[in-house]
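Asks: Structure provided below as C-alpha cells; questions to follow.
The values are calculated or read from the model by the stated rules, or taken from the named source; none is laboratory data. Fair warning: this is a prediction, and the values are worked out from it, not measured in the lab. Backbone-built Cβ (ideal geometry, glycine too); neighbour counts: all protein chains shown. Heads up: the accessible areas ignore ligands, DNA and RNA and are worked out on the full protein's heavy atoms, side chains in. Shrake-Rupley method; radii C 1.70, N 1.55, O 1.52, S 1.80 Å.
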Amino acid sequence: MPTDEEKFAKGVAKMGELLGDSVGKSGSVLPPAFVKHTVGHLFGDVWQGEEMSLQERSLLTCTVLVALGRENEQRIHFAGARNIGIAREKLEGAITHVAHYAGWPVAVSAFGILQEVWPAE
C-alpha cells in the first residue's frame with residue numbers, strides 16, 4: 001500500500017498532467033490539511049484508477065461540475081480538459097446533455113464559463 005507521501009507525489013504528477021503549468025497558480029487560500037487531502041487522496045488515489053482514462057475522468061468531472069453549478073471548479077477543469085486534448089465539441093455536447101437532466105440555467109452558466117476559459121474560434 002502506498003504511503004501518504006507516495007500518494008501526494010502521484011497526486012502532484014497527475015495534477016501536472018491534467019492542469020499543466022496552471023497547477024498551484026490559482027492563488028488558493030485552502031488550508032494545508034485540505035490541500036494534502038485534495039492532492040494525496042483525490043489526485044493521488046481517486047484519479048489514479050485504471051478503469052477510466054484520464055480523458056474519461058476529466059470529461060466526467062466537467063459534466064458533474066456543470067450539473068452541480070460549480071463555476072469556479074469548471075474554470076479549472078475545462079482548462080484541464082483542453083490541456084489533455086478533449087475536444088471543445090465534447091464539452092459542449094456534455095453541457096447540452098446535462099441541460100436536459102440538471103436544468104437549463106446550469107448549462108447556460110457553464111457555456112459562459114467555457115467561453116471565458118476556452119473561447120470559441
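Asks: Averaged per residue, what accessible surface does the chain expose to a 1.4 Å probe, in Å²?
Replies: Numbers: 7510 Å² over 121 residues.
Each residue of the chain exposes 62 Å² on average to a 1.4 Å probe.
Asks: Still on this structure, please answer the following. Going by alpha carbons, how many degrees (0 to 90, nearest 10) lie between the helix axis of 88-102 and the longest principal axis of the chain?
Replies: 80
Asks: I would also like to ask the following. Could you work out the percent of alpha carbon pairs in the stretch 5-68 separated by over 16 Å, rounded to a whole number?
Replies: For the stretch 5-68, the share of Cα pairs beyond 16 Å comes to 50 percent.
Asks: Related question: Measuring from label point to label point, each 7 Å out along Cα→Cβ, what is the Leu60 to His97 span in nm?
Replies: 1.2
Asks: When the chain is fully extended, how far beyond the present Cα-Cα distance does Ala33 get from Ala9, taking 0.36 nm per residue of separation?
Replies: 7.1 nm
Asks: Could you size up the charge dipole of the stretch 13-97 around its Cα centre, putting +1 on the beta carbon of Lys and Arg and -1 on that of Asp and Glu, and report it in debye to the nearest 20? Display every interim value, and only then the final one.
Replies: Values: 9 positive and 10 negative charges, 53 e Å.
For the stretch 13-97, the charge dipole is close to 260 debye.
Asks: Return the calculated 222 nm mean residue ellipticity for the chain, to the nearest 500 deg cm²/dmol, obtained by summing -39500 (n - 2.57) across DSSP H runs with n ≥ 4 and dividing by the residue count. Can you show the working numbers first?
Replies: Working: 6 runs with 79 residues, N = 121.
Helices in the chain give a 222 nm mean residue ellipticity of -21000 deg cm²/dmol.
Asks: Tell me the carbon and sulfur percent of the accessible area for the chain, rounded to whole percent, probe radius 1.4 Å.
Replies: On the way: 4450 of 7510 Å².
Here it works out to 59 percent.
Asks: Same structure, new question: Can you compute log10 of I(q)/I(0) for the stretch 24-121 with the Debye formula, treating each Cα as one identical point scatterer, at q = 0.15, 0.18, 0.20, 0.23 Å⁻¹?
Replies: Computed log10 I(q)/I(0) values: -0.63, -0.88, -1.04, -1.23.
Asks: Give the span of the stretch 32-86's Cα atoms along each principal axis, as three whole-Å numbers ordered largest to smallest.
Replies: Its Cα atoms span 28, 26, 19 Å along the three principal axes.
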